[in-house]
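What follows is one structure encoded as C-alpha cells, with my remarks underneath.
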Amino acid sequence: MPGTRKLGRPTDQRMAMLKQMVTDFLDNGRMETTVTRCKEIAPLAQKMITLGKKNTLASKRQALSFMTRRDVVSKVFDEIAPGYAERNGGYTRITRIGPRRGDGAEMAVIELV
C-alpha cells in the first residue's frame with residue numbers, strides 16, 4: 001500500500017476501489033476525484049506504467065493481477081508506456097480544483113502528463 005490513508009473503508013474494499021480507480025484512470029487518462037484519493041491513485045498508476053515500460057511476460061502478468069480489465073492492460077503496454085520510454089517517473093499530475101458543492105470535500109483532477 002503506497003500510503004497510510006484508510007479512506008474510511010476496510011482493507012479489502014479499499015484495495016478493490018483503488019484497483020478499479022487506477023484501471024479507469026489509465027483507460028481515460030484523466031479523472032476527477034478527491035485530493036486524498038488522487039494521492040493514493042498516483043503511485044499505483046505510475047507503477048503500472050513502469051511495468052508497461054518493462055514489457056515482459058512477468059510484468060504483464062503482474063499488471064493483469066492488479067488491473068481489472070484486460071483491454072486496459074493492453075492499452076498501457078501498447079500505447080501509454082512507450083510514450084514514457086525516455087521519462088524516469090512522474091507520469092501523473094494532480095491539480096486541485098476547489099471544494100465539492102455537496103459536502104465541501106477538496107476536489108482534484110489527476111491526469112497523465
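Over the chain, accessible surface divided per residue gives 58 Å², non-protein components excluded, 1.4 Å probe. So how far, in whole Å, is the C-alpha centre of the stretch 70-113 from the one of the stretch 19-38? Computed from Cα coordinates, the inter-centre distance equals 6 Å. The residue among 46, 77, 26 whose Cα reaches farthest toward the positive pole of the charge dipole of the chain, with charges on the beta-carbon of Lys, Arg, Asp and Glu, is 46.
Using R0 = 35 Å, the C-beta based FRET efficiency linking residue 16 and residue 85 works out to 0.65. Using R0 = 30 Å, the C-beta based FRET efficiency linking residue 5 and residue 69 works out to 0.75.
With R₀ fixed at 22 Å, the C-beta to C-beta distance from residue 24 to residue 62 puts the FRET efficiency at about 0.70.
The values are calculated or read from the model by the stated rules, or taken from the named source; none is laboratory data. Quick caveat, the model's predicted, so the values are computed rather than measured. Counting neighbours? That spans all protein chains shown, and the Cβs are built from the backbone with ideal geometry, glycine included. Just so you know, the surface numbers come from the protein's heavy atoms only, side chains and all, with ligands and any DNA or RNA stripped out. Shrake-Rupley method; radii C 1.70, N 1.55, O 1.52, S 1.80 Å.
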